[in-house]
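Working notes for the structure below.
The values are calculated or read from the model by the stated rules, or taken from the named source; none is laboratory data. What you see is a predicted model; the values in this text were computed from it and never measured. Cβ: placed from backbone, ideal geometry, glycine included. Neighbour counts: every protein chain shown.
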Amino acid sequence: MVRKTAFIGLMGFFFIAGCFGPKGNTLEEKKAAVQRMRRDTLNELYRIHPVSRQELKKSKGYAVFSNTGFNLFLLSTGSGWGIAHNNATGKDVYMKMYSAGVGLGLGVKDFRGIFIFTTHEALNEFVEKGWQAGGQADAVAKSGAKGGGAGSAIDIAPGIRLYQITKNGLALQATVQGTKYWKDKEMNHE
């Protein structure tokens, strides 16, 4: 009985994790929801960390994701959606993401991720081939006058930096372990 209950709970957990996407009934409504999320997320980032505005302007491009993660005992999963922007061409590409891993806990985590691409190669690889993160990055953040350094983007791969925003502001630790990003074929008309 315990195995059956655990199995049903686990299946429900993965089903719920896969159901989150941009709100809207039509493709245009979904795209508008993604663009609204990008605008709101970037405005929040600029408010929290004003220097980031110049960092994004100087970059080759950026991507903004909304992610909802679930942790059920030893298993964790998350799914989300977002948009990548090429600063040179002005082109937007709608994307999806999914993560899975192991970690003790119980609950739901909602956060936003802002990737900054410092090279054209990193941006093109992320958008055209998808990207899979296999590690975890830590950063030193500064809270008021305390802390060892200013909160900033975290280098997570060559040519890729990441900001994570939670309800409490910039995350001290950005976790991208076991996360896959790829183009959304429906939203990009592929």
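Scanning the range 100-145 for residues that are closer than 20 Å to Leu45 by Cα and aromatic (Phe, Trp, Tyr), we see that the one that is modelled with the lowest pLDDT is Phe111.
Yes/no per residue for (1) on the phi < 0 side of the Ramachandran plot; (2) at pLDDT 85 or above; (3) among the aliphatic types (A, V, I, L, M); (4) out of contact with any Ser or Thr (no Cβ under 7 Å at 6 or more places or on another chain):
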position	(1), (2), (3), (4)
Ile16	yes, no, yes, yes
Gly24	no, yes, no, yes
Lys30	yes, yes, no, yes
Ala33	yes, yes, yes, yes
Arg36	yes, yes, no, yes
Asn43	yes, yes, no, yes
